[in-house]
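To start, the structure itself, in C-alpha cells.
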Amino acid sequence: MQYYSLNNGSPKVGFREATIKGQAPDKGLYFPERIPLVPNDLVRNIGTYSPEEIALAVIQPYVGDSIPAPELQRIVAETINFDFPLVPLTDSIFSLELFHGPTLAFKDVGARFMSRCLGHFVRGNDQPVTVLVATSGDTGGAVASGFYGVEGVNVIILYPSGKVSSVQELQLTTLGKNISALEVNGSFDDCQQMVKQAFADGDLNKKLFLTSANSINVARWLPQQFYYFFAWRQWADKDHPPVISVPSGNFGNICAGLLAHRSGLPVSHFIAACNANDTVPAYLRSGRYAVRPAVATLSNAMDVGNPSNFVRILELFHKEFNSLSKVLTSYSISDDETRQAIGDIYTKYHYLADPHGAVGYLALARYLAAQNDPRSAAKGIFLETAHPVKFYDGVEPIIGQKIPMPPAVQALLGKQKQSKKIDADFTQLKDFLL
C-alpha cells in the first residue's frame, strides 16, 4: 500500500515512511492510494471470527509487507487486549464502550497500535525519534501510556492549560521518563498549529527526527476501524445495519468509521455528534466550510474549531458534497443539553455516560426521532469514548453522587503534575525542542 499527500505536492510513500514522518513534507495528510475491501465472508459470518482475526484482516492491506506477519499479529493482539462491549440502553439505542483500555479512552487503540509500529520501525536507529502530539484531552494520556518506556522514542505532549479535566491532566503529566508535557497558554487549535509548524521547520527537522502521534498519523488513524467491526460482530439485527453516532472533535474517529464503511462494513448512516464547536454541522447545512475559533465546553476533547481529519473525509467522498450528505448527518449539542442528557440517561436507564458519550447519545436520539416513517426499523449505536470518571468534576454534580474510582485513576491521585508552561508561540516550542 502506498500513501499520497492530500496536498499533492510530495512523493508517495509506504506505511513505514508514512508512520515515521506523520505528515507529508508538503504539510498534507497521508491517504491510502486505494480503499481495500474486507472479505465478504468476514462481514457475513463475523461472529465466527475472533477480534484478533478481524483486526488483522482489516489492517493488513494498509501495512503491506512493511511489518512481518508474526510481528503484526503481536502488535494487533497487544493493541486490542481489552473488551469493547455493546451495551443496550433501550431496544433501539446501544452504547459501544471504548473505555476499557489502560487510560480509559478510545484513543488507547490508536496509540497502542502506533507506538508498537513505531517501536518496530526505529529499532536499532542511532538517532532517537521525537514524537510531537497536541491533545484536547484523551490523546495525551493514551499516547503517554502507549509510548512510555519505548526505547529510542521521546514524547512531547502539548495541551491547552485549564482546558483538560483533572484526571486527563494527571494521565499526561505524571509519567516522566521519556514523556514530557508542555502546558500551553491557548487552545487545542493553537497546540495543533504549533505541532504543524514544527514539521514544516527546516532547522528543526535537520536536527531532530520528528513524527506525530495525533490522528493525522496513519498508524493512529487506521486501527480505529477495528471497533466498528467489533460492534457489527455484536449487532444482533444483521438485516438492519445500525446508525452510528460518533462524538467528533478532530474527526479522526468518525473518519475511521467511514473508511470501514467504504471497505464493506454495513452501516445505515453516520452521525457526527459535535458540541458548540460546530464547524462541520454548519458545513453540512450550508455547503460552505468556515473554520471557527474553538470554544471551551464540558466535552473538552471535542473542542476543535478546525478539525484536521475532515479533509480525509472529503477525500473519501471525492469532495462531492451531495454524496457525503447522504451518508453523514451532524448535530451541535450545547453544554446545557449535554448535562440534561447525562442526567436523563442515568435516571431512565441507570447508565452513566461521560459528556462526550452524552453528546453522541443525544445526537443519535435526535436523528432516530426525525425518521418519520413509523415502519422504520432504525436502531443505532453511540460511541462511549471515555470512562465518566475522567470527567468526575463535571459529571458528579449532575448525578448527585460519587463515581467509583477505577484502580487506574486511584493510582494517579497522589501523583505530582510535571509540566512546563509555555505561550502559544512556536519559538518557545522550538527552543524547548532544541
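Here is how the numbers come out for the structure above:
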{"item": "Yes/no for Gln416 being touching a residue at least 24 places away in the same chain (Cβ under 8 Å) and open to solvent by 50 Å² or more (accessible area, probe 1.4 Å)", "result": "yes"}
{"item": "Complete set of residues in the stretch 217-261 that are open to solvent by 10 Å² or more (accessible area, probe 1.4 Å) and of a type in the set (A, V, I, L, M)", "result": "Ala236"}
{"item": "Tally of residues being open to solvent by 20 Å² or more (accessible area, probe 1.4 Å), closer than 14 Å to Gly140 by Cβ and outside any loop (DSSP other than H, G, I, E, B) across the stretch 102-112", "result": "1"}
{"item": "Count of residues meeting criterion [in contact with a strand residue (DSSP E or B) (Cβ under 9 Å, 6 or more places away or on another chain), closer than 17 Å to Gly249 by Cα and part of a helix (DSSP H, G or I)] in the stretch 332-357", "result": "3"}
{"item": "Some residue of the stretch 269-281 being part of a loop (DSSP other than H, G, I, E, B) and hydroxyl-bearing (Ser, Thr, Tyr)", "result": "no"}
{"item": "Strands (runs of 3 or more DSSP E) within the stretch 142-247 that include 2 or more residues among the polar types (S, T, N, Q) and at pLDDT below 90", "result": "209-212"}
{"item": "Hits in the stretch 205-258 - residues which are of a type outside the set (A, V, I, L, M, F, W, C) and more than 19 Å from the chain's Cα centre (by Cα)", "result": "Asn205, Lys206, Lys207, Arg233, Gln234, Asp237, Lys238, Asp239, His240, Pro241, Pro242"}
{"item": "In the stretch 58-101, the residues that are among the aromatic types (Phe, Trp, Tyr), in contact (Cβ under 8 Å) with a residue 60 or more places away in the chain and not in a helix (DSSP H, G or I)", "result": "Phe84, Phe94, Phe99"}
{"item": "Complete set of residues in the stretch 394-434 that are modelled with pLDDT under 90 and small (Gly, Ala, Ser)", "result": "Ala408, Ala411, Gly414"}
{"item": "Residue that is open to solvent by 20 Å² or more (accessible area, probe 1.4 Å), among the charged types (D, E, K, R) and either touching a Pro at 6+ places or on another chain (Cβ under 8 Å) or within 26 Å of Pro247 (Cβ to Cβ) (or both), where the choices are Glu183, Glu151, Glu169", "result": "Glu169"}
{"item": "Number of positions in the stretch 366-393 that are over 24 Å from Ala144 (Cα atoms), of a type outside the set (A, V, I, L, M) and modelled with pLDDT of 90 or more", "result": "5"}
{"item": "Test for Gly162: is it free of Cβ contacts under 8 Å to residues at least 60 places away in the same chain, open to solvent by 10 Å² or more (accessible area, probe 1.4 Å) and in contact with a strand residue (DSSP E or B) (Cβ under 8 Å, 6 or more places away or on another chain)", "result": "no"}
{"item": "Among (1) open to solvent by 10 Å² or more (accessible area, probe 1.4 Å); (2) among the charged types (D, E, K, R); (3) within 23 Å of Val304 (Cβ to Cβ) - the single one Asp138 does not satisfy", "result": "(1)"}
{"item": "Which listed residue, of Ala69, Ala55, Ala134, is among the small types (Gly, Ala, Ser) and modelled with pLDDT under 95", "result": "Ala134"}
{"item": "In the stretch 262-301, the residues that are open to solvent by 10 Å² or more (accessible area, probe 1.4 Å), within 25 Å of Gln225 (Cα to Cα) and among the aliphatic types (A, V, I, L, M)", "result": "Val267, Leu284, Ala301"}
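The values are calculated or read from the model by the stated rules, or taken from the named source; none is laboratory data. These figures come from a predicted structure and were not determined experimentally. Here Cβ is always computed from backbone atoms with ideal geometry, including for glycine, and neighbour counts include all displayed protein chains. The area values use the complete protein model at the heavy-atom level, side chains included, leaving out ligands, DNA and RNA. Shrake-Rupley method; radii C 1.70, N 1.55, O 1.52, S 1.80 Å.
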